[in-house]
Amino acid sequence: MAATTALLNLSSCHKHDEGENITTVKLTLTPKLGGTAKTFVWSDPDGIGGNAPKQADTIVCDSTENYNGEIQFFNGDEDITTEIRNEGSEHFVCYSGPTSDVLDIKATDSDGKFAIGLSTEWKPAKKSGGMVRIILKHQPKSKDGTCDKGETDVDVTFPLSIR
């Protein structure tokens, strides 16, 4: 479970202001061939540095299905995803999880040069479990397609079950 599946770039446009307090991350996976979308939530109502997160849903995927993924970031009730997309050249969403022979995650959006990672494609390959880590990076003037640079706006881990 320690191998990196994919690194996708996205950083939050709020760090250059005062920094955003990201309290909720919502990941929606929709089967590519049709079917019901599933939403998985990570929630930390008091924000980073306070109490432990209150919720981290288990991402459940079918090993025979591919998915379109969409991720949203919230500061309280405020959805800041559009702002992140509009400032995509400064943002990077990094995904890591099982090895690519178990789950492959690829960004399907970009800023014209590098991936952003708000939209993704998920390809589970076999039944397995583990964790998926999602990091939102803020990389003004330093975005290079890796998760090595910039400030971390939020770093969350979801349990994973591929059935």
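Assorted remarks:
- Length released on extending from THR30 to GLU151, taking residue separation times 0.36 nm less the Cα-Cα span: 40.6 nm
- Our summary gives the chain a relative contact order of 32 percent, counting only alpha carbon pairs under 8 angstrom and 6 or more residues apart.
- Separation of region 141-157 and region 95-130, taken as the distance between their Cα centroids, equals 16 angstrom.
- Cross-link reach is defined here as a Cα-Cα straight distance under 19 Å, omitting same-chain residues fewer than 8 places apart; for LYS137 the lysines meeting it are LYS15, LYS26, LYS106, LYS113, LYS149.
- Selected from ASN21, ASN68, ASN86 as most flexible by GNM, with the chain as the system and alpha-carbon contacts under 10 Å: ASN86
- Residue-averaged [θ]222 nm for the chain, counting only DSSP H segments that reach four residues, each worth -39500 (n - 2.57): -1000 deg cm²/dmol
- Report note on the peptides 142-150, 90-98, 130-138: ranked by the mean count of other C-beta atoms within 10 Å, highest first, their order is 90-98, 130-138, 142-150.
- Tail weight of P(r) past 25 Å, computed on alpha-carbon pairs of the chain, percent: 25 percent
- Segment ASN51-ASP144, extension gain: residue separation times 0.36 nm, minus the distance between their alpha carbons: 30.2 nm
Where a number appears in this text, it was derived from the coordinates with a stated rule and is not lab data. For clarity, every value in this text was computed on a predicted model and none was experimentally measured. With ideal geometry, Cβ positions are generated from the backbone for all residues, glycine too; neighbour counts draw on all protein chains shown.
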